[in-house]
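To start, the structure itself, in structure tokens.
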Amino acid sequence: MNTDQKSPVVLITGGSSGIGKSIGTFLKEKGYIVYGTSRNPSRFPNFEPFTLLKLDVADTITIRSAIDEIQKEHGRIDILINNAGAGITGPMEEIPEEEIQRNFMTNYFGAINVTKAVLPLMREQKSGLIINITSIAGYMGLPFRGVYSASKAALEVTTEAWRMELKSFNIKMTNIAPGDFATNIAAGRYHAPVLSDSPYKKSYGDSLTLMDDHVDSGSDPLEMARVVYKVIQTKNPKVHYKVGVFMQKFSIVLKRILPDKVYERLLMNHYKL
């Protein structure tokens, strides 16, 4: 077992692509020991930036196996980044219940599962940092993204509570909420189909096109990697961080200061509803 503590050990869930891959690659270049995860690492046979382990956030056996492997090799996990997530769109009335549950399993319960598995090791080390990657969408209920907004909002609020419980163990926890980034999340998200006989056919169809355009023209995931690195270097991280273009971050400020119905009208105008 290598117990060299000079290079912190980082575990990133959902590290095979997008934001997770960018974070892992950036931290590896900064000298960190990085482990990313994927439900099926065999799909990435030539993956080079860092070590990719098999881990499904919905499967506690794979979580335990991945953590045991890191612990056996290094004896510690200094930083956990709960990045694994899944998109979902559709009218609330038409999204199948099993898809709602599946999304919460990945975006919310999955992060809890991995955190619970890592905490005993961090407590033994008397140190650790847990970063939950949430979303600016978690600060507001967005039309046709209600499930996604809810799952990310749940993780944001849970972090607020959990970080207070962990302070006495010298374990820190924080949220980083990205806006729209140019990743493959749109291709991987669950889309409720635009049904020909649906009362939401036009409004949902138009919103879906708008959402995909936002992702396609999103920011470079490297921006998220730089923020994560800065947070890691911070002695006492804040509760919340937001990363994105000005208007995305400003939308959170507007929600705090505007009357609810005025803010709702702004969102409806934005989504052309």
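Could you count how many residues in region 1-51 are free of Cβ contacts under 8 Å to residues at least 12 places away in the same chain and more than 20 Å from ILE63 (Cβ to Cβ)? It would help to see each step written out before you state the result.
Kept after step one, since they are free of Cβ contacts under 8 Å to residues at least 12 places away in the same chain, are these residues of region 1-51: 6, 29, 42, 45-46, 48.
Applying the additional criterion that residues be more than 20 Å from ILE63 (Cβ to Cβ) yields 6, 29, 45-46, 48.
So the answer is 5.
Tally time: how many residues in region 86-121 are open to solvent by 50 Å² or more (accessible area, probe 1.4 Å) and among the polar types (S, T, N, Q)?
Within region 86-121, residues that are open to solvent by 50 Å² or more (accessible area, probe 1.4 Å) and among the polar types (S, T, N, Q) number 1.
Taking the conditions exactly as written (acidic (Asp, Glu) and not in a helix (DSSP H, G or I)), does GLU124 satisfy them or not?
no
Give me the residue from region 122-132 that is open to solvent by 10 Å² or more (accessible area, probe 1.4 Å) and touching a residue at least 40 places away in the same chain (Cβ under 8 Å) and, out of that set, nearest to ASN269 (Cα to Cα).
Of everything passing the filter in region 122-132, LEU129 is nearest to ASN269 (Cα to Cα).
Is it true that some residue in region 31-41 is more than 15 Å from the chain's Cα centre (by Cα), farther than 20 Å from ARG226 by Cβ, at pLDDT below 95 and not in a helix (DSSP H, G or I)?
yes
Pick from region 42-78 the residues that are part of a loop (DSSP other than H, G, I, E, B) and of a type in the set (Gly, Ala, Ser): which of them is nearest to the chain's Cα centre (by Cα)?
Only one residue tops the list, namely ALA58.
Kindly establish whether GLN101 is at pLDDT 95 or above and in contact with a Leu (Cβ under 8 Å, 6 or more places away or on another chain).
On the way: at pLDDT 95 or above: yes; in contact with a Leu (Cβ under 8 Å, 6 or more places away or on another chain): no.
Judged against the criteria, GLN101 is not a match.
If LEU142 meets every condition in (1) buried (at least 16 other Cβ atoms within 10 Å of the Cβ); (2) touching a Ser or Thr at 6+ places or on another chain (Cβ under 7 Å); (3) under 29 Å from ARG76 (Cβ atoms) apart from one, which number is that one?
(3)
State which residue is surrounded by the most Cβ atoms within 10 Å (Cβ to Cβ) when the search covers only region 214-273 and only residues that are β-branched (Val, Ile, Thr) and farther than 17 Å from ILE79 by Cα.
Among those residues, the one meeting the criterion is VAL243.
Output the number of the condition that PRO49 fails; it satisfies all remaining conditions of (1) modelled with pLDDT of 95 or more; (2) under 25 Å from LYS6 (Cβ atoms); (3) not aromatic (Phe, Trp, Tyr).
That leaves (1) as the condition not met.
The values are calculated or read from the model by the stated rules, or taken from the named source; none is laboratory data. None of these values were measured; they are calculated from a predicted model. A quick note on method: Cβ atoms are made from the backbone with ideal geometry, for glycine too, and the neighbour counts reach across all protein chains shown. SASA here: full protein model, heavy atoms, side chains in, ligands and nucleic acids out. Shrake-Rupley method; radii C 1.70, N 1.55, O 1.52, S 1.80 Å.
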